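Engineer: A single structure is presented below for examination.
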2 protein chains.
Amino acid sequence: MNDLLLRAARGEKTERSPVWVMRQAGRILPEYRAIRKSISGFKELVETPELAAEVTIQPVDILGVDAAIIFSDILVIPEAMGLPYQMEEGRGPWFPKVIKTESDINALHVAEGSELQYVYDAILLTRKGLNGRVPVIGFAGAPFTIFCYMIEGRGSKTFSEARKWLHANPEASHNLLEKITQSTINYLKLQVEAGVSIYQVFDSWAGVLSAELYKEYCMPYLNRIAQEVSQVPSIVFAKGAHFAMSDLLSSNFNAVGLDWTLNPADLAHIGSKKTLQGNMDPTVLYADDQYVVQKTKEMLTSFSGIPHIANLGHGVYPDTDWKKVKLFIDTIKAN
Amino acid sequence: MNDLLLRAARGEKTERSPVWVMRQAGRILPEYRAIRKSISGFKELVETPELAAEVTIQPVDILGVDAAIIFSDILVIPEAMGLPYQMEEGRGPWFPKVIKTESDINALHVAEGSELQYVYDAILLTRKGLNGRVPVIGFAGAPFTIFCYMIEGRGSKTFSEARKWLHANPEASHNLLEKITQSTINYLKLQVEAGVSIYQVFDSWAGVLSAELYKEYCMPYLNRIAQEVSQVPSIVFAKGAHFAMSDLLSSNFNAVGLDWTLNPADLAHIGSKKTLQGNMDPTVLYADDQYVVQKTKEMLTSFSGIPHIANLGHGVYPDTDWKKVKLFIDTIKAN
């Protein structure tokens with residue numbers, strides 16, 4: 001098996017940076033769109049193991065990435081806890097029922113993980129389809145990001161409702177984060193049992209907090225996850241969390257993802273030896289080939305001397321030409 | 001006149017931090033909502049000097065802030081350049097016509113500033129109404145933020161279309177930013193003529209860039225504005241621009257606003273002597289009184305020894321109880 005990603009995540013020296021792309025399985029690929037068109041909706045894809053496995057493998061075949069990331073959604077966890085989500089075409093996910101009171105929190109149960117058998121089935125089918133070519137990456141949302149969705153019911157620029165809970169109901173907030181954390185641990189353990197070789201925790205809305213709030217409401221839960229699910233290497237990607245980088249770099253995760261607003265040089269003073277992942281601006285891929293190659297090389301140079309997993313600094317945007325993504329990947333592989 | 005704000009902005013030692021609040025004139029005040037209800041829409045309020053002046057003065061009377069900020073919108077500039085905006089209840093501003101091609105940019109004209117007479121009239125009426133009690137703050141959007149709106153047509157989480165232009169059409173991007181900058185300079189000069197004593201430039205979408213892009217596409221234009229409109233002190237607030245703080249702190253602006261994700265201590269290594277503005281998390285105002293007072297004092301302490309203008313780290317959220325905002329202000333004034 002191509003184990004570049006696993007070795008890099010563990011901090012070993014690798015002959016080149018392994019590469020995968022956040023949202024590599026998705027709308028950038030015509031083959032994905034063809035499958036998506038043939039079914040009723042996004043959730044059918046997530047919940048049908050054969051289809052989820054097929055789109056998970058597509059970028060390995062088409063783009064030549066060094067790992068497959070299981071096709072799923074971070075919102076399966078709130079659903080398993082009692083808050084089902086819906087996916088609205090063009091507007092993203094939303095929750096018909098949200099957390100409004102403390103008794104809503106008390107009514108939620110901790111997910112055992114067994115509710116999400118379709119994910120483990122998809123992992124098993126993916127492994128079969130890959131036949132050992134590349135490792136499978138598992139994933140989950142970070143507790144705070146799931147917390148945001150459970151309270152706001154959908155995406156938001158400020159997540160002011162969720163932040164309000166942290167200041168105005170600290171105890172209830174911790175209770176909810178605790179339940180999400182335990183659910184996430186159960187879920188990731190079963191992903192590992194099904195055969196993921198590494199996993200990433202996505203803290204997509206981290207950027208609306210501050211150093212102080214991140215220390216109190218995020219780090220303890222993140223660290224618990226990484227500690228309790230330590231059978232395989234782990235990556236944490238906290239988008240926008242520039243204020244928490246030293247905490248993340250001394251966390252229990254093996255690797256830390258950087259969004260495109262950060263420069264590895266700015267983190268040098270922290271003196272971490274952890275593997276870094278990232279972080280090219282995905283909008284670079286809208287430019288011409290020469291520019292894409294140049295910026296990809298500049299990105300690689302910016303990580304030189306650091307154990308590195310190449311990636312974009314954000315999920316690839318759906319209207320990106322997949323050939324540019326392939327050029328990004330090929331440039332990294334040729335380096 | 002209470003000139004605390006002007007003295008603090010110039011870096012002078014003041015007996016206490018002056019305080020104003022971003023979006024202080026607006027939906028938090030019942031008196032504002034009463035006026036807003038009596039008219040057809042947001043734009044009527046912006047374009048009717050008597051009403052704009054009235055809501056500008058409200059927070060001086062009700063909240064006791066140390067300055068009035070003229071009630072207007074940053075989108076009057078694209079409108080004056082040839083792209084009218086509309087304000088949709090609950091969904092924010094949007095542009096029926098956006099920039100799609102280079103010829104769309106060529107078709108835009110530089111605003112002379114005279115298109116926006118209603119703003120200067122509102123400033124004159126505000127000064128009359130204030131009768132010298134506190135200074136009036138003028139404002140404009142930063143060129144990159146206006147650029148984002150002109151290309152995307154509305155708010156966005158990623159502004160990937162706007163960022164695409166920077167990478168894929170650098171020359172055209174500079175042409176558009178140049179036109180916006182010149183329009184903004186003309187506009188701010190006329191605000192100063194009408195009597196604003198200080199102004200703030202809002203770079204609301206700065207956070208989607210990076211150090212490199214900010215240096216190339218933002219700083220030169222921001223610096224030109226501050227240099228050409230230097231008759232009164234100036235503040236720049238680039239939300240999310242953690243990567244550009246050293247550039248902003250060595251810019252031509254007198255003061256630099258911090259969003260709530262930044263900690264003044266983290267900027268100490270830059271060694272700037274500039275006035276800082278900010279930066280309490282606006283969601284603190286959802287908590288109980290004791291917590292609001294405690295966090296306000298902690299915020300003041302975090303700026304001790306630095307010339308400081310007290311403010312929130314983001315515009316106050318519309319559903320905030322105005323009494324909490326007053327408590328924030330009173331706590332600062334009593335300190």
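Engineer: Can you spot a residue in region B:323-330 that is free of Cβ contacts under 8 Å to residues at least 60 places away in the same chain and away from every other protein chain (no Cβ under 11 Å)? Spell out how you get there, then give the answer.
Structural biologist: Start the filter on region B:323-330 by keeping residues that are free of Cβ contacts under 8 Å to residues at least 60 places away in the same chain, which leaves B:323-324, B:327.
If we keep only those that are away from every other protein chain (no Cβ under 11 Å) as well, we get B:323, B:327.
So far as region B:323-330 goes, yes, one or more of its residues are free of Cβ contacts under 8 Å to residues at least 60 places away in the same chain and away from every other protein chain (no Cβ under 11 Å).
Engineer: If a residue must be without any contact (Cβ under 8 Å) to a residue 24 or more places away in the chain and either buried (at least 24 other Cβ atoms within 10 Å of the Cβ) or more than 12 Å from chain A (Cβ to nearest Cβ) (or both), how many such residues does region B:144-158 contain?
Structural biologist: 0
Engineer: Let me ask another. Tell me the helices (runs of 4 or more DSSP H) entirely within region A:92-161 that contain at least 1 residues that are within 20 Å of the chain's Cα centre (by Cα). Don't jump to the end; show me each part of the working.
Structural biologist: On the way: elements: A:102-107, A:117-130, A:143-152.
By residue number, A:117-130, A:143-152.
Engineer: State which residue is surrounded by the fewest Cβ atoms within 10 Å (Cβ to Cβ) when the search covers only region A:187-211 and only residues that are assigned to a helix (DSSP H, G or I), of a type outside the set (A, V, I, L, M, F, W, C) and more than 10 Å from chain B (Cβ to nearest Cβ). Break it down into steps so the answer makes sense when it comes.
Structural biologist: Initially, region A:187-211 is screened for residues assigned to a helix (DSSP H, G or I), giving A:187-194, A:206-208, A:211.
Okay, now just the ones that are also of a type outside the set (A, V, I, L, M, F, W, C), so A:187, A:189, A:191, A:193, A:207.
Then drop every residue that is not more than 10 Å from chain B (Cβ to nearest Cβ), which leaves A:187, A:189, A:191, A:193.
On the way: A:Tyr187: 28, A:Lys189: 14, A:Gln191: 25, A:Glu193: 12.
Among them, the one singled out is A:Glu193.
Engineer: Another question about this same structure. Only one residue in A:Asp289, A:Asp259, A:Asp281 is among the acidic types (Asp, Glu) and crowded, with 24+ Cβ neighbours inside 10 Å. Which one?
Structural biologist: Values: A:Asp289 fails: crowded, with 24+ Cβ neighbours inside 10 Å; A:Asp259 fails: crowded, with 24+ Cβ neighbours inside 10 Å.
Checking each option against the conditions leaves just A:Asp281.
Engineer: Sticking with this structure for a sec: Would you point out the residue of region B:293-335, among those that are closer than 15 Å to B:Trp260 by Cβ and of a type in the set (D, E, K, R), that is surrounded by the most Cβ atoms within 10 Å (Cβ to Cβ)?
Structural biologist: Of everything passing the filter in region B:293-335, B:Lys295 is surrounded by the most Cβ atoms within 10 Å (Cβ to Cβ).
Engineer: Still on this model: Which of the residues belonging to region A:159-180 are within 14 Å of chain B (Cβ to nearest Cβ), among the basic types (Lys, Arg) and in contact (Cβ under 8 Å) with a residue 12 or more places away in the chain? Steps first, answer last, please.
Structural biologist: Taking region A:159-180 first, the residues within 14 Å of chain B (Cβ to nearest Cβ) are A:159-173.
Right, trim to among the basic types (Lys, Arg) and you get A:163-164.
Once the filter is applied, which keeps residues that are within 14 Å of chain B (Cβ to nearest Cβ), among the basic types (Lys, Arg) and in contact (Cβ under 8 Å) with a residue 12 or more places away in the chain, region A:159-180 yields only A:Arg163.
Engineer: So, one more: Is there a residue in region B:43-59 that is surrounded by fewer than 16 Cβ atoms within 10 Å (Cβ to Cβ) and either free of Cβ contacts under 8 Å to residues at least 24 places away in the same chain or in contact with a Cys (Cβ under 9 Å, 6 or more places away or on another chain) (or both)?
Structural biologist: yes
Engineer: Suppose we filter region B:213-224 for residues that are within 12 Å of chain A (Cβ to nearest Cβ) and surrounded by 17 or more Cβ atoms within 10 Å (Cβ to Cβ); how many remain?
Structural biologist: The first filter runs over region B:213-224 and keeps only residues within 12 Å of chain A (Cβ to nearest Cβ), leaving B:213-215.
So of that shortlist, the ones also surrounded by 17 or more Cβ atoms within 10 Å (Cβ to Cβ) come out as B:213-214.
Total meeting the criteria: 2.
Engineer: Could you list all residues from region A:297-335 that are assigned to a helix (DSSP H, G or I), out of contact with any helix residue (DSSP H, G or I) (no Cβ under 6 Å at 6 or more places or on another chain) and of a type outside the set (A, V, I, L, M, F, W, C)?
Structural biologist: A:Lys297, A:Glu298, A:Thr301, A:Lys323, A:Lys326, A:Asp330, A:Lys333
Engineer: Something else now. What's the number of the only condition in (1) among the hydrophobic types (A, V, I, L, M, F, W, C); (2) buried (at least 19 other Cβ atoms within 10 Å of the Cβ); (3) more than 25 Å from B:Ile57 (Cβ to Cβ) that B:Val98 fails to meet?
Structural biologist: The one condition B:Val98 does not meet is (2).
Engineer: Suppose the filter is assigned to a strand (DSSP E or B) and under 18 Å from the mean Cα position of the chain (by Cα); does A:Pro78 pass it? Outline the logic, then answer.
Structural biologist: Numbers: assigned to a strand (DSSP E or B): no; under 18 Å from the mean Cα position of the chain (by Cα): yes.
Against the criterion (assigned to a strand (DSSP E or B) and under 18 Å from the mean Cα position of the chain (by Cα)), A:Pro78 does not qualify.
Engineer: Next up: Within the set of pairs 6 or more residues apart or between chains, which connect a residue that is farther than 27 Å from B:Thr320 by Cβ inside region B:257-282 to a residue that is at pLDDT below 95 with Cβ atoms less than 9 Å apart?
Structural biologist: B:His269/A:His269
Engineer: Among the residues of region B:254-296, write down those that are more than 9 Å from chain A (Cβ to nearest Cβ), aliphatic (A, V, I, L, M) and part of a loop (DSSP other than H, G, I, E, B).
Structural biologist: Passing the criteria: only B:Leu258.
Engineer: It is to be established whether one or more residues within region A:229-247 are within 18 Å of A:Ile137 (Cβ to Cβ), in a loop (DSSP other than H, G, I, E, B) and within 14 Å of another protein chain (Cβ to nearest Cβ). So that I can check it myself, show each step before the final result.
Structural biologist: Here is the first cut: in region A:229-247, the ones within 18 Å of A:Ile137 (Cβ to Cβ) are A:229-239.
If we keep only those that are in a loop (DSSP other than H, G, I, E, B) too, we end up with A:229-233, A:239.
So of that shortlist, the ones also within 14 Å of another protein chain (Cβ to nearest Cβ) come out as A:239.
Yes.
The values are calculated or read from the model by the stated rules, or taken from the named source; none is laboratory data. None of these values were measured; they are calculated from a predicted model. Every residue, glycine as well, gets a Cβ built from its backbone with ideal geometry; the counts of neighbours run over all protein chains shown.
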